[in-house]
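Below: one structure, written as structure tokens.
The values are calculated or read from the model by the stated rules, or taken from the named source; none is laboratory data. This structure is a prediction, so every number in the text was calculated from the model and none was measured. No Cβ is skipped: glycine too gets one built from the backbone with ideal geometry, and neighbour counts run over all protein chains shown.
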Amino acid sequence: MMKTPMLFLGILGLTLWVRAISLAQETTGEVVLVGPLKVEDLLDLPGWFGPEFTQAQLSGVVIDFLNQEMPPDVDIICILGTWCDDSKRDVPRMLAVLQRIKGFDPHKMRMIGVDREKRSPGGEAEKFGVTRVPTFIIRRGGEEIGRIVEKPVLTLEADLLAIIRGQKLVAPPPPELQPPEEPHQPPVPPEDPAKPVEGEIRTDEPVRPDGSVPSPPR
């Protein structure tokens, strides 16, 4: 008997949440899509699939390694925000990477949209412990083997390859933390052995048989 009221309250809460998102779209002009998404849902959104997709400069060497080493049972869960600049930049770029991996269906990357509070109807962000977007969760055989959070350490393709290999990437220190370069010092020419050092008495006369050195001329 209690299931019907609880179901009604759940539907009412979801309706109010969707209305709040719609109101945010009307007042801010941003598009907030939540729940499962397809590429087609993102194509016409402002700021999506720009030069980062059409002119993506990917490492051919890394892509070759991905073509050789990508296991067939890998899939990706992508938690994104259609309002998020990082998502607009990296989700299309990740799709560009996946399109270049032979035999890998880009549809194996499941995309979930969340609002600014990281909420979605299915609660995926909470389920996977996602607090920043985009988050790419790389899985093999249904088990997570790594993730790329907000932005890659190196590049998306290099980070993906490292996760597939089980390697750990370490980000280089920011420029302000890198040790300063030593100022360039010109080489010091070697001293001329024939040039007397200040305070040194030199003579070309041979040493006397008794081992003494003749006194310099006065």
Tell me which residues, restricted to the stretch 14-52, are of a type in the set (Ser, Thr, Tyr) and modelled with pLDDT of 50 or more.
28
Examine the stretch 48-56 for a residue that is over 26 Å from residue 125 (Cα atoms), outside any loop (DSSP other than H, G, I, E, B), among the aliphatic types (A, V, I, L, M) and free of Cβ contacts under 8 Å to residues at least 60 places away in the same chain, and state whether such a residue exists.
no
For the stretch 98-126, how many residues are part of a helix (DSSP H, G or I) and in contact (Cβ under 8 Å) with a residue 40 or more places away in the chain?
3
Working carefully through the options 62, 91, find the one that is under 14 Å from residue 106 (Cα atoms), of a type in the set (A, V, I, L, M, F, W, C) and under 16 Å from the mean Cα position of the chain (by Cα).
91
Is it the case that residue 108 is charged (D, E, K, R) and either at positive phi or in contact with a Ser or Thr (Cβ under 9 Å, 6 or more places away or on another chain) (or both)?
no
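Quick grid of which residues meet (1) surrounded by fewer than 19 Cβ atoms within 10 Å (Cβ to Cβ); (2) under 15 Å from residue 37 (Cα atoms); (3) under 22 Å from the mean Cα position of the chain (by Cα):
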residue: 100; (1), (2), (3): yes, no, yes
residue: 103; (1), (2), (3): yes, no, no
residue: 112; (1), (2), (3): no, yes, yes
residue: 130; (1), (2), (3): no, no, yes
residue: 140; (1), (2), (3): yes, no, yes
residue: 150; (1), (2), (3): yes, no, yes
residue: 153; (1), (2), (3): yes, no, yes
Would you check if there is a residue in the stretch 127-137 being touching a Leu at 6+ places or on another chain (Cβ under 6 Å), in a loop (DSSP other than H, G, I, E, B) and within 18 Å of residue 58 (Cβ to Cβ)?
yes
Of residues in the stretch 64-97 being assigned to a helix (DSSP H, G or I) and small (Gly, Ala, Ser), the one modelled with the lowest pLDDT:
96
